[in-house]
Amino acid sequence: MLTPLSVRFIYAIAYIVLAPFIGGLLEGIGRKISARMQRRVGPPLLQPFYDISKLLKKKRSQVTRAQGFLLTSYMLLIIFTGAMLFFGTDMLMCFLMLSTAALFLYLAGCVTTSPYSSLGAQRELIQEMAYEPAILLTALGFYLAVGSFDVETIYNSPVSPIMIIPGFFVAFVFILTIKMRKSPFDESTSHHPHQELVKGLTSEMSGRNLAIFNVTEWYETVFLLAVVFLFIKNSSAPLVSGLVGIGVVLLTYFLEILIDNTSARVHWERMLTLTWAVTLCSCGVNLLVLMIVR
Amino acid sequence: MADITRSPWLLHYDASSCNGCDIEVLACLTPVFDVERFGIVNTGDPMQADIFLITGAVNAQNAPVVKQIYDQMSDPKVVVAVGVCACTGGVFKEAYNVMGGADKVIPVDIYVPGCAARPQSIIDGVVAAVGLFKERYMQLKNKQPLSVGHLEGGEGS
Ligand code: SF4
């Protein structure tokens with residue numbers, strides 16, 4: 001049973017329009033939960049939106065013109081990636097687009113002369129090196145589970161992919177910490193102030209450019225959580241699996257906040273070895289089991 | 001669009017403070033005072049900051065740094081001098097290397113007295129700064145000249 005083209009377009013457009021609101025709200029909830037974990041009251045739920053509105057009102061200043069251009073490209077590519085996923089095209093293609101987008105972010109960090117920004121940009125590349133295997137293997141895992149890279153087919157698979165590829169799920173959730181820039185893997189942007197990196201990659205971004213960066217993060221978060229959702233969704237019990245899927249997505253997000261609040265940043269070598277070890281072990285064991293069973 | 005006053009981001013710079021005032025500034029972020037309630041974030045990045053909190057007297061060595069930080073902040077921006085050292089030079093005023101308060105180098109808008117300044121008065125100062133932040137934003141929006149703080153030995157309002 002395939003979804004008609006018009007409905008797929010509506011999904012893609014809904015993503016483009018709604019993702020920043022969902023992403024911003026998730027960040028607001030995240031900040032509130034973080035504050036509660038530290039026994040603080042915390043900012044209002046809509047604080048991320050207030051921040052964006054403030055950033056847009058600041059007087060424009062940018063270190064180089066290229067920065068604005070590169071960041072806009074980064075944003076457009078991420079939006080396009082997410083829209084492609086929600087449209088239901090090839091998952092492998094989505095992930096490749098995601099890597100291309102990351103490259104633009106790297107360049108946006110590099111074009112400035114600030115050592116903090118350059119250092120952050122280099123670490124961004126290392127991060128990409130760490131999470132890329134897991135991301136590509138996730139696409140492969142979906143292929144093993146469903147027999148297609150097509151998001152549309154994966155979405156309508158008769159059994160939840162997680163039943164067949166739990167190891168790939170673990171690897172994907174593990175690298176989400178890097179992708180969402182949370183401790184202990186916030187190597188490139190250091191979201192807590194007064195660290196050796198200042199604000200890392202985003203040190204030289206101010207006003208409108210920083211707003212672009214933040215909104216893009218929200219788009220990306222929604223995209224990644226949608227992939228988590230795909231692990232759960234099946235077509236035999238669409239409603240139940242859909243609700244469980246949303247539950248798992250929220251739980252994953254909560255887990256990220258918990259990890260963020262309970263761990264300190266690790267050295268990048270540690271991040272690399274840890275991520276690769278987890279990716280290889282969980283995906284490898286999963287693959288072996290699949291080979292034996294089938 | 002939300003009010004600009006709901007998201008003031010601070011930059012805290014220690015000029016040559018004895019660290020007494022710095023600890024009080026950080027105390028504002030703890031659960032007891034929790035300034036994040038008001039959307040205040042203590043960012044370490046001048047390019048992203050709206051309010052410049054400066055503690056300690058300015059000396060010959062860090063005067064250019066203070067100036068540079070001030071210049072890197074984009075308008076509208078507000079400067080708050082925290083503690084008597086940042087206000088006037090305080091107990092270090094007569095020291096051979098000390099130039100005096102922060103207003104020797106950059107225009108200061110709000111003076112928070114105390115040695116060390118108490119968290120309550122720091123928050124008070126920041127709240128006043130937020131009001132001024134909005135005022136400057138309106139000036140910027142209406143293309144009026146921005147009001148400037150007090151600069152020792154220079155003109156100001
Ligand atoms: S005002 Fe007092 S506590 Fe603050 S920096 Fe000066 S000497 Fe230290």
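Just so you know, all these numbers are worked out from the coordinates, no wet-lab data involved. Because the structure is a prediction, the values reported are computed rather than measured. Here Cβ is always computed from backbone atoms with ideal geometry, including for glycine, and neighbour counts include all displayed protein chains.
It is to be established whether one or more residues within the range A:40-52 are part of a helix (DSSP H, G or I) and within 18 Å of the chain's Cα centre (by Cα). Within the range A:40-52, one or more residues are part of a helix (DSSP H, G or I) and within 18 Å of the chain's Cα centre (by Cα).
Do you know which residues across the range B:71-101 are buried (at least 20 other Cβ atoms within 10 Å of the Cβ), of a type outside the set (A, V, I, L, M, F, W, C) and away from the ligand (no atom under 15 Å from the Cβ)? Passing the criteria: B:PRO76, B:LYS77. The residues in the range A:33-55 that are facing another protein chain (nearest Cβ under 9 Å) and among the aliphatic types (A, V, I, L, M) can be counted, and the count is 5. For the range B:7-37, residues that are more than 16 Å from the ligand (Cβ to nearest atom), under 14 Å from the mean Cα position of the chain (by Cα) and part of a helix (DSSP H, G or I) total 0. Annotation: of all residues in the range B:53-81 being more than 9 Å from chain A (Cβ to nearest Cβ) and hydroxyl-bearing (Ser, Thr, Tyr), the one that is nearest to B:SER16 (Cα to Cα) is B:THR55. When B:ILE51, B:ILE4, B:ILE40 are checked against the criterion of being away from the ligand (no atom under 16 Å from the Cβ), more than 20 Å from A:VAL198 (Cβ to Cβ) and crowded, with 22+ Cβ neighbours inside 10 Å, a single residue qualifies: B:ILE4.
Restricting the first member to the range B:29-52 and to residues that are within 7 Å of chain A (Cβ to nearest Cβ) and hydroxyl-bearing (Ser, Thr, Tyr), and the second to residues that are surrounded by fewer than 23 Cβ atoms within 10 Å (Cβ to Cβ) and in a strand (DSSP E or B), the beta-carbon pairs closer than 6 Å and six or more apart or on different chains are B:THR43/B:TRP9. Among the residues of the range B:130-145, write down those that are touching a residue at least 60 places away in the same chain (Cβ under 8 Å) and within 14 Å of chain A (Cβ to nearest Cβ). Listed by number, the residues that qualify are B:VAL130, B:PHE133, B:LYS134, B:ARG136, B:TYR137, B:GLN139, B:LEU140.
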